[in-house]
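S.K.: Below is one structure. I have some questions about it.
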Amino acid sequence: MDGTRGTVAGKCLTAIAMKSLRRPSPLGGRKPHQSDLAYFATDDPLALDDVLPGPHCGGAELTLLIVGINPGLWTAAVNAPFARPGNRFWPSLARAGLTDYEIDASCGLSAEDEEHILSRGIGITNLVGRPTARADELSRDELREGAAHLVTRVGDLNPRAVAIAGITAYRTAFRQPHAKLGRQDVDAIDNWPRGISLWVVPQPSGLNAHENIDSLADKWRQVWADATRPE
């Protein structure tokens, strides 16, 4: 990470620690029971809070914006990204060195963990906000509307790189039926902001039998090397 971005992120830590803009877990810090999950299968597009620097950070820059496809029901239940036990997102980020330790978000995201993520210059959002049990429950229109909205947000947030976690949804959302994992040709995407690289990494869910923590970590290292390259 270059010195300017690291300094800006560091200046935000006191403000973040004083008051997180994210809502606490709706379950008060406990893991959801199976009977809880159906309650969170709603049409609410704001069911999960992003992990992003707030207005109190004075326009802090992001090194890497990570984009999930949409919240799962467990994730919505605890208001924390990639929270379901067995998801390999957090273990693979730690193994790749993007975080200094493995975050456990299964009961929610603590203020300390949020602070650590942002201090690394990492933000997390979703392509679609509506929670579902599986990403394949999303419609083509939802994905394409999410893609158009993401392009605008990327322009506003101005990260150095964006990584979308899920190749199948990416192909539909961005009308790129032949896209493969890895760095994408942004010239093929309408209105993609100049100078911001785009990657697609595998879905980290335990349902993805093609990947493991080590293989995911290897892909995250490639993304991070690109995001932190000298300007």
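The values are calculated or read from the model by the stated rules, or taken from the named source; none is laboratory data. Nothing here was measured: the structure is a model prediction, and the numbers come from that model. Cβ coordinates were reconstructed from backbone atoms using ideal geometry, including for glycine residues, and neighbour counts include every protein chain displayed. The area values use the complete protein model at the heavy-atom level, side chains included, leaving out ligands, DNA and RNA. Shrake-Rupley method; radii C 1.70, N 1.55, O 1.52, S 1.80 Å.
S.K.: Within the stretch 1-43, count every residue that is surrounded by 11 or more Cβ atoms within 10 Å (Cβ to Cβ), basic (Lys, Arg) and either over 20 Å from the mean Cα position of the chain (by Cα) or at pLDDT 95 or above (or both).
M.R.: Within the stretch 1-43, residues that are surrounded by 11 or more Cβ atoms within 10 Å (Cβ to Cβ), basic (Lys, Arg) and either over 20 Å from the mean Cα position of the chain (by Cα) or at pLDDT 95 or above (or both) number 3.
S.K.: I'm trying to understand the selection: among the residues of the stretch 150-191, which are more than 21 Å from Ser139 (Cβ to Cβ) and aliphatic (A, V, I, L, M)?
M.R.: Residues of the stretch 150-191 more than 21 Å from Ser139 (Cβ to Cβ): 154-163, 178, 180-188, 191.
Matches in the stretch 150-191: Val154, Leu157, Ala161, Val162, Ala163, Leu181, Val186, Ala188.
S.K.: Here is a further query. Which of the helices (runs of 4 or more DSSP H) contained wholly in the stretch 95-191 include at least 3 residues that are surrounded by fewer than 21 Cβ atoms within 10 Å (Cβ to Cβ) and among the acidic types (Asp, Glu)?
M.R.: In the stretch 95-191, 111-119, 140-157 are the helices (runs of 4 or more DSSP H) which contain 3 or more residues that are surrounded by fewer than 21 Cβ atoms within 10 Å (Cβ to Cβ) and among the acidic types (Asp, Glu).
S.K.: If you don't mind, there's one more thing I want to ask. Give the residue that is nearest to Ala105 (Cα to Cα), with candidates limited to residues of the stretch 64-80 that are open to solvent by 10 Å² or more (accessible area, probe 1.4 Å) and among the hydrophobic types (A, V, I, L, M, F, W, C).
M.R.: Out of the qualifying residues, it is Trp74.
S.K.: Taking the criterion of being touching a residue at least 40 places away in the same chain (Cβ under 8 Å), aliphatic (A, V, I, L, M), more than 13 Å from Leu52 (Cα to Cα) and open to solvent by less than 10 Å² (accessible area, probe 1.4 Å), would at least one residue in the stretch 81-91 satisfy it?
M.R.: no
S.K.: What number of residues within the stretch 214-225 satisfy the criterion of being open to solvent by less than 50 Å² (accessible area, probe 1.4 Å) and under 17 Å from the mean Cα position of the chain (by Cα)?
M.R.: Taking the stretch 214-225 as the starting set, the residues that turn out to be open to solvent by less than 50 Å² (accessible area, probe 1.4 Å) are 215-217, 220, 223-224.
With under 17 Å from the mean Cα position of the chain (by Cα) added as a condition, the list becomes 216-217, 220, 223-224.
Residues that pass the stated criteria total 5.
S.K.: Just to verify a result, which residue in the stretch 44-64, among those that are touching a Phe, Trp or Tyr at 6+ places or on another chain (Cβ under 9 Å) and part of a loop (DSSP other than H, G, I, E, B), is modelled with the highest pLDDT?
M.R.: Thr63
S.K.: Among the residues of the stretch 192-213, write down those that are open to solvent by 30 Å² or more (accessible area, probe 1.4 Å), part of a loop (DSSP other than H, G, I, E, B) and aliphatic (A, V, I, L, M).
M.R.: Leu207, Ala209
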